[in-house]
Structures are given as structure tokens and as C-alpha cells.
Amino acid sequence: MKKLLFTALFSLSVLSVQAQTNQFFTNLIGKEFEAVPSEHQNYKISNILTSNGWTLDTNWWGGINFKTQGAIKLKSLWGTVYIAETGNIGINTENPQETLDVHGNIKVTNGSFQVVNNNNFFSYDGLADIKLKYDARGSGGRAIVHDTSNILALNYDNDFSGGTRIGYTFLVKGDNASLQGKFEAKEIKVTLTPTADFVFEEKYNLPKLEDVEKHIKEKKHLPEIASAKEMEKEGVNVGEFQIKLLQKIEELTLYTIKQNKLIKEQLKRIEKLERPNNQKNK
């Protein structure tokens, strides 16, 4: 009994000394033992009755330094915050595999979410989709824009002034794109107006074959078609080039139709000339 009383008195004396030097409590285990009114809101350990029962209410102005040799687990009925011995922090998991391992959704309100590391990139290898509700912007003006039409666009300074590169040679700039490598597709659709059907209009001035022949002899290429040197230097607009080729095919069709009519007329004339001779031979 004496030993128990001595231990209790010793504990109270230690707490009294600590309270007098640098610690102030307004409530500890329901009992007030150091009354310093100006410090009541800065230093306290007390309990408060809430709708969920009695909860711990702690204030400490200079912060709390909590050290342990093992893991730290803060667990409630609705979730767990776990700090493993490795230093990894798990939210709703007691086996965090990374510095921060979150099992659930992450929401940032009125702030920013940043990933800072030596490699300076954000990687994601999960099985779910990444959904952007608002624009996501990186350094240097680069941005990922997700608009209301469910379109994902990568741009620079919001106007493609510098262009966006995909891979090594595919560059998107404004409404244009260039590729220095090989492009392969099962189907390509080019929409460009007008088409070459104007050739079949009655008012169309079909070039004379003599003029076409003269142009070919002088220029070494068809009229209205770029030369080989021009194509090598400037490239070829596929849509416009296809229409020009169609125009030449339609012109060639008209020449063929005229030629066919001429041949038929010549055959009729030959038949007329041959009839008298055939009758004499009979």
C-alpha cells in the first residue's frame, strides 16, 4: 500500500513539474489540474461527447511530435490511415506498396495536384479510365484540354503555335498535321469541294487536243498538273491532285466520245463509198 501511494505521489509530482515548466492542460482524463486561462485553447487534452459517442479533443500549439518503432494505425468504422514501418502511408489499406497508397477516390477542392519527382513525369498503369472534368495544364504552357464534346486535345499555349508532337515525326499544328515517317491505313476519306464534274457542263471549254499536244511538247507534263520537280519540292495535295486527275479522266472521256462519234461517221461514209463497187462486182 505504501509502495502504491508513493508511486501515485511521484507521478503527480512529475506532472506538476512538467505543467509548471512547459506544458499546460485544461483537461486530462476529465480532471483539470493546471489552470492557465490564457493557454486553455492552445494546450489541452480533453474528451467531447458527440453524436458518435465520446471523442478525443486535443490542441497543441507547437505541433505534435509522435514517434514509435512500429507501424501507426488510425482506424475508424469507415476507414483506416496506416503508416508502415517502411514509411509508406496507406489510406484504406494496411499494406501500402508506395509512399502513398490510396484505395479509393482522390478529390482536390480549390487547390492543385502536383507530381514532383526526378523524372518529371506522371505515369498511370491502372485498369480504370482517366477522366478529366476540367483542363489539365503542365509547365511551359503545355496543356491537356478536355472539352464538353468528349475531345482530348494536346496543345501548346492554347493555340498550337508551337504544335504538339506525337512520337518522333508526327506534328499537329492548328488544323494541320505533318508526318515525316510512313503512314498506313486501310481507308482514307478526303472531303474537298468542288469535284471535277464541272467538265461535263455544256459551258465547259474542253481544251483542243492540238493545244494539249503543244503544252506536253513544251512543258513535258499535262496542263494544270504540276511538274515532277514542283511535286518533289512542294509535295502533293492528295485531295486537289485527285480532283485534277479526275478532271483529266473526264476530259479524256469526252475526247473518247467525240472520237467514237467520228469513227462511226467515217464508217458510214466508207460503207456508202463501197456500195457501188459491191454492186458492180455482183
Count - residues of the stretch 58-106 that are aliphatic (A, V, I, L, M) and surrounded by fewer than 10 Cβ atoms within 10 Å (Cβ to Cβ): 4
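Yes or no: the stretch 264-281 includes at least one residue that is outside any loop (DSSP other than H, G, I, E, B) and surrounded by 12 or more Cβ atoms within 10 Å (Cβ to Cβ). Break it down stepwise before answering.
Step one: list which residues in the stretch 264-281 are outside any loop (DSSP other than H, G, I, E, B), which gives 264-281.
When the remaining residues are screened for being surrounded by 12 or more Cβ atoms within 10 Å (Cβ to Cβ), the result is none.
There is no residue in the stretch 264-281 that is outside any loop (DSSP other than H, G, I, E, B) and surrounded by 12 or more Cβ atoms within 10 Å (Cβ to Cβ).
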Of the residues that sit in the stretch 205-235 and are surrounded by 13 or more Cβ atoms within 10 Å (Cβ to Cβ) and free of Cβ contacts under 8 Å to residues at least 24 places away in the same chain, which one is farthest from Q180 (Cα to Cα)? V212
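Bear in mind these aren't lab numbers, they're just calculated from the coordinates by the rules spelled out. Everything numeric in this text was worked out from a predicted model, so none of it was measured. Here Cβ is always computed from backbone atoms with ideal geometry, including for glycine, and neighbour counts include all displayed protein chains.
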